[in-house]
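Asker: One structure follows; several queries about it will come next.
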Amino acid sequence: MDADAMRAAFVSLVLPYLSALFIGTLVTWGLQGVLCVQVYNYHLAFPNDPLHMKALVYFSLCLELAQTFMVTSDGYDVYALGFGDVVNLDDLHLLWITLPILGGIVGLLCHLTFAYRLCILSRSKVVGAAITLLSLSASITAFTFGAKLFNAKLLSTLITVKHIYLVCGLWNGFGAACDALIAACMTFYLSRSQTGFRATDQLITRITRLTIETGLATATASIASAILFVGFRDKLNICVYFIVPAIMINKLYAITILATFNNRPHNMHGGAPALPDIENSFESEQKTFSRHVDRKTSGKEIRIGRTVVQQVWTDGLPVEHIEMYGEETASNNSNSHDESSPKKRSHSLTSPLEGDIGTKKH
């Protein structure tokens, strides 16, 4: 393609490019607001989280703030400083880093977080290894795509870069496959962990729903980006709109990390609502067996540990404070009562790293 033909193709891209960049900037600021609220809730609800979890959260926030600043800078250059300058519109500016590079980094962090949790939940390293492999493939192809955008420098020469469409398709394809695998594995292993206790099963359902929703959002953005850039490569006025979903991927992965951390049961502001033990009743087809009954067996108290929750969130920290029922208290007036009322005792439910809840003698 000669220079005149490329210039004519670029002129036809001016309005779509301006529209895509404008929409992308608005979406970036909107999702940045959602992320800031998530980080604020995390800061209030989990101040005692391990250092590596806090580092992941605040490092992701710093990356997202950097992306928002760079996207805003590009918008200012195009719509303010370079207003009416056609040559300025041909510059890709910082799209090479705001789209694939940062998206590849945050996506890798998100996928590795889920890979670690699935290793614990499934007790198998094969699942975690498969997710890690797909995540690394997506990140490598994202960095490669960013390098090609950086070398192209101009929007008018982007379509002539060798293998540009293949690399973009692989980046989004690997990312979408990884998101789908995570959602499928989490749903499968959590569905096998139903306990029959209403409150615990409600928490499992909430985790499953959250995983499916976040995975669907990130996978949809990846697929939309690939379809627009690769599927419509012959229609450049449509192809350029791949900027919108591509710029969303970065923020969606960061929000997924925060939503996963904030969904842990906690009774502080910003956390998911705690699950009172009073609702932990076993549902059968014929009868509901409440935990209020038969609490005393040979001087021992049988406690139902929430194994599934502990497997998913093995952070080495107290998950929540709940009410547990202890042994029947001795009464000085036992001669005048046939039955004793249970005495509530408050205990802290901890993750497996601190200790399991089992049978405790009094």
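The values are calculated or read from the model by the stated rules, or taken from the named source; none is laboratory data. From a predicted model like this one, the values you see are computed outputs, not experimental measurements. So basically every Cβ, Gly included, is an ideal-geometry build from the backbone, and we count neighbours across all protein chains shown. Heads up: the accessible areas ignore ligands, DNA and RNA and are worked out on the full protein's heavy atoms, side chains in. Shrake-Rupley method; radii C 1.70, N 1.55, O 1.52, S 1.80 Å.
Asker: Looking at A219 and the list (1) in contact with a Leu (Cβ under 9 Å, 6 or more places away or on another chain); (2) surrounded by 20 or more Cβ atoms within 10 Å (Cβ to Cβ); (3) of a type in the set (G, A, S), which single condition is not satisfied?
Answerer: (1)
Asker: Are any residues in segment 188-205 under 23 Å from G128 (Cβ atoms) and either in contact with a Phe, Trp or Tyr (Cβ under 7 Å, 6 or more places away or on another chain) or surrounded by 16 or more Cβ atoms within 10 Å (Cβ to Cβ) (or both), and if so, which ones?
Answerer: Those that are under 23 Å from G128 (Cβ atoms) and either in contact with a Phe, Trp or Tyr (Cβ under 7 Å, 6 or more places away or on another chain) or surrounded by 16 or more Cβ atoms within 10 Å (Cβ to Cβ) (or both): Y189, L190, S193, L203, I204.
Asker: Report those helices (runs of 4 or more DSSP H) wholly inside segment 1-111 carrying at least 2 residues which are within 25 Å of A259 (Cα to Cα) and open to solvent by 40 Å² or more (accessible area, probe 1.4 Å).
Answerer: Because the criterion is at least 2 residues that are within 25 Å of A259 (Cα to Cα) and open to solvent by 40 Å² or more (accessible area, probe 1.4 Å), the helices (runs of 4 or more DSSP H) in segment 1-111 that meet it are 14-45, 51-76.
Asker: Okay, next question. Hey, does segment 159-182 have a residue that's closer than 22 Å to R264 by Cβ and hydrophobic (A, V, I, L, M, F, W, C)?
Answerer: First pass over segment 159-182, keeping only residues closer than 22 Å to R264 by Cβ: 179, 182.
Checking the rest, the ones that are also hydrophobic (A, V, I, L, M, F, W, C) come to 182.
Yes - at least one qualifying residue is present in segment 159-182.
Asker: To continue, here is another question. Just one of L154, L136, L166 is surrounded by fewer than 22 Cβ atoms within 10 Å (Cβ to Cβ), at pLDDT 95 or above and not polar (S, T, N, Q); which is it?
Answerer: Exactly one of L154, L136, L166 is surrounded by fewer than 22 Cβ atoms within 10 Å (Cβ to Cβ), at pLDDT 95 or above and not polar (S, T, N, Q), namely L136.
Asker: Here's another thing I want to ask about it. Just to be sure before I move on: is A20 modelled with pLDDT of 90 or more, farther than 19 Å from I105 by Cβ and of a type in the set (G, A, S) in the structure I sent?
Answerer: Spelling it out, A20 is indeed modelled with pLDDT of 90 or more, farther than 19 Å from I105 by Cβ and of a type in the set (G, A, S).
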